[in-house]
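Structure first, then comments.
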Protein chains: 2
Amino acid sequence: MENRKENFSQWYNEIIETAGMIDKRYPVKGMNIWMPYGLKISQQLDTFIRKYCDSSGINEVSFPLLITRGQLAVEFEHLKGFEGQVFWVTKGGTDQLEEDMSLRPTSESAMYPMFSLWIRTHGDLPLKIYQIVNVYRYETKHTRAFLRDREIHFFEAHTAHESFEDAEKEIEEYLSIWKEVARVMCVPYIIHRRPEWDKFPGARYSNAVDTVMPSGRTLQLATLHQYAENFSKPYEITYSDENGEKKFVHQTTYGMSSRLIGAMVGIHGDDKGLILPPDLAPVQVVIVPIPSGTDTFSYAKKIYEMILASGIRVRLDDRDSYTPGYKYNDWEMRGVPIRIEIGEREVGSSSVTLVLRTEKGRKKVESSKLLDAINESLNLIREHMTSKAIEQLGSMLKDSLSLDDMVKWNGASQAAWCGKKDCADEIEAKTEKICLGYRLDIEKSGECIVCGNHGKLATFSRTY
Amino acid sequence: MENRKENFSQWYNEIIETAGMIDKRYPVKGMNIWMPYGLKISQQLDTFIRKYCDSSGINEVSFPLLITRGQLAVEFEHLKGFEGQVFWVTKGGTDQLEEDMSLRPTSESAMYPMFSLWIRTHGDLPLKIYQIVNVYRYETKHTRAFLRDREIHFFEAHTAHESFEDAEKEIEEYLSIWKEVARVMCVPYIIHRRPEWDKFPGARYSNAVDTVMPSGRTLQLATLHQYAENFSKPYEITYSDENGEKKFVHQTTYGMSSRLIGAMVGIHGDDKGLILPPDLAPVQVVIVPIPSGTDTFSYAKKIYEMILASGIRVRLDDRDSYTPGYKYNDWEMRGVPIRIEIGEREVGSSSVTLVLRTEKGRKKVESSKLLDAINESLNLIREHMTSKAIEQLGSMLKDSLSLDDMVKWNGASQAAWCGKKDCADEIEAKTEKICLGYRLDIEKSGECIVCGNHGKLATFSRTY
């Protein structure tokens, strides 16, 4: 295993394959195979996302993959933003299609023609839907698994409201869903208002949730867009209000992707391999019996049945072709939160030995108190992972007082900025760090680090 | 609502939209929008399929959508079978791609190059994987939602084994998974060995599970293919056996699709709308409070909480803009298995009134005995739906003693057949019924209905 601190990039590329999350040898660039372990982590995260959306009254749907060129062209900025980076289907069998169709890069242009059919009166509002599908981008940049793929596992919520204010409230609601998602991932974050030139094609404004990876580069985790009437006008999505007057709806979207998986891998791992948040680990507890004169296996099996019955995701590693030591390393590499060792001493004392992935040392627990001990340990791991990640984020995000400071610092830089593109461009030219926009979660003002005019706290960083 | 018996096709097309399962107005032919209610039914079915696969030791993976022309061309019969019916991606942004890529029509050619990397020795076998993804077929025939789409929700299991015999055993194992799937759908079926000319492109043989729809046309529900070494040779999937000798693996596949949803709709519905199997219904119990002087709503809410806590999928219909009568019809149309009515009499007697979707009449139940009554009722509905569907299948599947008999009969016909294509062609020319192959679940022989030579029981039918 590579050293994570010194060679983060190599460490990352290696661990996602070694741990059995994906296989990168598929013969199409930027498209990987989700292997059973990686797929389970992703599906577990989706289960949480579905739960939070359901309780927020957002309904799941699934739209077709193909979007005609005509659909995509309805909103001009949107077409301009995407036409150069989509895959185009032009033939069916041996026939040339009458109209080229794109593989969805995102689903505004698939959904909004239907919004205009579904929405008639204010009684139909708010309309709140989401889907979890793959999207496709013809990336010309260097691809990297989970962080920049050409096939992307994607969550997108789309809502329509009577007024701009209602749409603003939805964006706040999105943030409360985001907080839950971040909590189960144990991933800390900062929030930005993206600069005008970097907002989503067609949006009034874009808010984004970012984190900083151990490499010092920031990673966008989620986006929350206010569309106002920018899409409802070209797509003619109108409703009649209580006075029978025809009005355009105000729209928002909320997007997340498999970048969340990449963030979890990068932020929590160590030189031994993955460290998975307890809520998302496919295996929360692994039991390794240590062969001896005593029948440790039967006892381990009883412990396994007891844990399984409690609903905890447990696995009994009864492979007889591997030593206990090999198994310890193997499951540590896969990031399993808790290991239970069972040798003849444990059998003799009706106990087990617990080893937590995030702590040093072992502790012996009586089997009658095991379930409580596991639940407490999972909580301890959650807390430990979260506080360690917060500390790590803090260490990668520094205030810079000058451009020279910014150049010298490898991580993300905070500085006051006046909001002008010229100043952001100058920062990028000198430091190779791009402007992520104003911090939305901290209000702080000062003199722009470039021009000295009044500015607000912003983040500058190399990005994934 | 159309009359299901007289106008099955119109009834079917109407109910799937009226019940909120899909929206067919998406502007790409043969691609529909899964609406929340339809998507939930499909996801519920997937949950069962995943459970059965997991306990059968088949692991879930997810392969990329795009398959290069080169990958598809490795096995000639397979390419020949699919190249005329796939969508081709030829451009990325404004670039012409170096090689055309197809949207997966099925995933043999995506997976098998990886099998040849994953499999080295007999210790790697059996290799058993599945995925649930959408597949794409450029259908030139008339499309019909769930039954013949261009975007198809698809399940595909792929396995590799040391020997032909091991592969044969896997096909038996598939059938035991299928039986569980059929059980939760309450859908009866018959099994065929497809004729040589109708087997899957590249297969040694194809077994198929079929059912008969109320229209008299048969619908293929699942396919189980024996590939033997037909794919492992061109894809070079080999293993070294215990003596270090290099051998080709033997492969099988098992496929199912959203046709299962279409079958459930068609087989169980009635003139009032859908009837959903209890295990797959998004709402198993709906509670309708009847407004009155008494506070029926608070009581209904208590009943709702009690049912919810038991894990049953329950909904309280508290919409105040609709009458109870409207709600009864609405939920009956959506196929909800059990309705609970709560009026002032029910509140007064601490009871509720149960109405089952599949039975006539109402029954009063004390609230203290309600959970047992619901579970018994769900069982009763399962039994009722299953026995009614078996009866219906029996009535649509008749023995024919002559081709004239076969012409006159609108449903599926059973007759002895010698196995020759000439005889099957003659049957098709005269009766417009195609040969589904020998029945595998019934052994019966007789004289071929065309040539009089020795034959075995086969099915002939119009198909979807």
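The values are calculated or read from the model by the stated rules, or taken from the named source; none is laboratory data. Please read these numbers as outputs of a predicted model, since none were measured by experiment. Here the Cβ is made from the backbone with ideal geometry for all residues, glycine too, and neighbour counts use every protein chain on show.
Numbers for the structure displayed
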item	result
Options B:ILE177, B:ILE171: the member that is buried (at least 18 other Cβ atoms within 10 Å of the Cβ), away from chain A (no Cβ under 14 Å) and touching a strand residue (DSSP E or B) at 6+ places or on another chain (Cβ under 8 Å)	B:ILE177
Which listed residue is touching a Lys or Arg at 6+ places or on another chain (Cβ under 9 Å) and at pLDDT below 95, from A:GLU432, A:GLU443, A:GLU359	A:GLU443
Residue count for the stretch A:128-148, restricted to those that are surrounded by fewer than 18 Cβ atoms within 10 Å (Cβ to Cβ), within 11 Å of another protein chain (Cβ to nearest Cβ) and basic (Lys, Arg)	0
Failed condition for A:ARG120, given (1) of a type in the set (Lys, Arg); (2) surrounded by 15 or more Cβ atoms within 10 Å (Cβ to Cβ); (3) touching a residue at least 60 places away in the same chain (Cβ under 8 Å); (4) farther than 19 Å from B:GLU98 by Cα	(2)
Count - residues of the stretch A:87-115 that are within 7 Å of chain B (Cβ to nearest Cβ) and in a loop (DSSP other than H, G, I, E, B)	2
Elements of type strands (runs of 3 or more DSSP E) contained in the stretch B:222-276, each with 2 or more residues being over 20 Å from B:GLU156 (Cβ atoms) and not aromatic (Phe, Trp, Tyr)	B:238-240, B:246-248
Some residue of the stretch B:45-59 being at the interface with chain A (Cβ under 7 Å from one of its Cβ atoms) and either buried (at least 22 other Cβ atoms within 10 Å of the Cβ) or on the phi > 0 side of the Ramachandran plot (or both)	no
Considering residues of the stretch A:302-317 that are on the phi < 0 side of the Ramachandran plot and of a type in the set (Gly, Ala, Ser) only, the residue nearest to the chain's Cα centre (by Cα)	A:SER310
Subset of the stretch B:260-297 (residues that are hydrophobic (A, V, I, L, M, F, W, C) and under 22 Å from the mean Cα position of the chain (by Cα))	B:LEU260, B:ILE261, B:ALA263, B:MET264, B:VAL265, B:ILE267, B:LEU274, B:ILE275, B:LEU276, B:LEU280, B:ALA281, B:VAL283
Members of the stretch A:337-351 found to be more than 33 Å from the chain's Cα centre (by Cα) and of a type in the set (A, V, I, L, M, F, W, C), listed by number	A:ILE342, A:VAL347
Of all residues in the stretch A:30-44 being closer than 27 Å to A:THR252 by Cβ and within 9 Å of chain B (Cβ to nearest Cβ), the one that is surrounded by the fewest Cβ atoms within 10 Å (Cβ to Cβ)	A:GLN43
All strands (runs of 3 or more DSSP E) inside the stretch A:300-405 with 3 or more residues being out of contact with any helix residue (DSSP H, G or I) (no Cβ under 7 Å at 6 or more places or on another chain)	A:363-366, A:397-399
In the stretch A:136-175, the residues that are polar (S, T, N, Q) and closer than 22 Å to A:ILE261 by Cβ	A:THR143
Some residue of the stretch B:186-197 being of a type in the set (Lys, Arg) and touching a Lys or Arg at 6+ places or on another chain (Cβ under 9 Å)	yes
All positions within the stretch A:118-127 that are more than 10 Å from chain B (Cβ to nearest Cβ), in a helix (DSSP H, G or I) and not acidic (Asp, Glu)	A:HIS122
Output for the stretch A:1-12, where each listed residue is part of a loop (DSSP other than H, G, I, E, B) and in contact (Cβ under 8 Å) with a residue 12 or more places away in the chain	A:MET1, A:GLU2, A:ASN3, A:ARG4, A:LYS5
Residues that are surrounded by fewer than 21 Cβ atoms within 10 Å (Cβ to Cβ) and either out of contact with any helix residue (DSSP H, G or I) (no Cβ under 8 Å at 6 or more places or on another chain) or at pLDDT below 95 (or both), drawn from the stretch B:94-113	B:THR94, B:ASP95, B:GLN96, B:LEU97, B:GLU98
Candidate set from the stretch B:60-85 (those that are assigned to a loop (DSSP other than H, G, I, E, B) and facing chain A (nearest Cβ under 7 Å)); member that is nearest to A:PRO282 (Cα to Cα)	B:VAL61
Options B:GLY343, B:GLY335, B:GLY348, B:GLY311; residue that is surrounded by fewer than 17 Cβ atoms within 10 Å (Cβ to Cβ) and touching a residue at least 40 places away in the same chain (Cβ under 8 Å)	B:GLY348
Flag for B:GLU196 being surrounded by fewer than 20 Cβ atoms within 10 Å (Cβ to Cβ) and either in contact (Cβ under 8 Å) with a residue 60 or more places away in the chain or touching a strand residue (DSSP E or B) at 6+ places or on another chain (Cβ under 6 Å) (or both)	yes
Residue check for B:ILE67: crowded, with 18+ Cβ neighbours inside 10 Å and touching a helix residue (DSSP H, G or I) at 6+ places or on another chain (Cβ under 6 Å)	yes
Qualifying positions in the stretch B:377-420 - surrounded by 13 or more Cβ atoms within 10 Å (Cβ to Cβ) and of a type in the set (D, E, K, R)	B:ARG382, B:LYS388, B:LYS398, B:ASP399, B:ASP405, B:LYS420
Boolean, A:LYS169 is assigned to a helix (DSSP H, G or I), over 30 Å from A:ALA415 (Cβ atoms) and without any contact (Cβ under 8 Å) to a residue 24 or more places away in the chain	yes
Any hit, the stretch A:13-29, residues being in contact (Cβ under 8 Å) with a residue 24 or more places away in the chain and facing another protein chain (nearest Cβ under 9 Å)	yes
B:LYS398 vs. criteria touching a residue at least 60 places away in the same chain (Cβ under 8 Å) and either among the basic types (Lys, Arg) or assigned by TED's automatic domain parsing to the domain that holds B:GLU346 (or both)	no
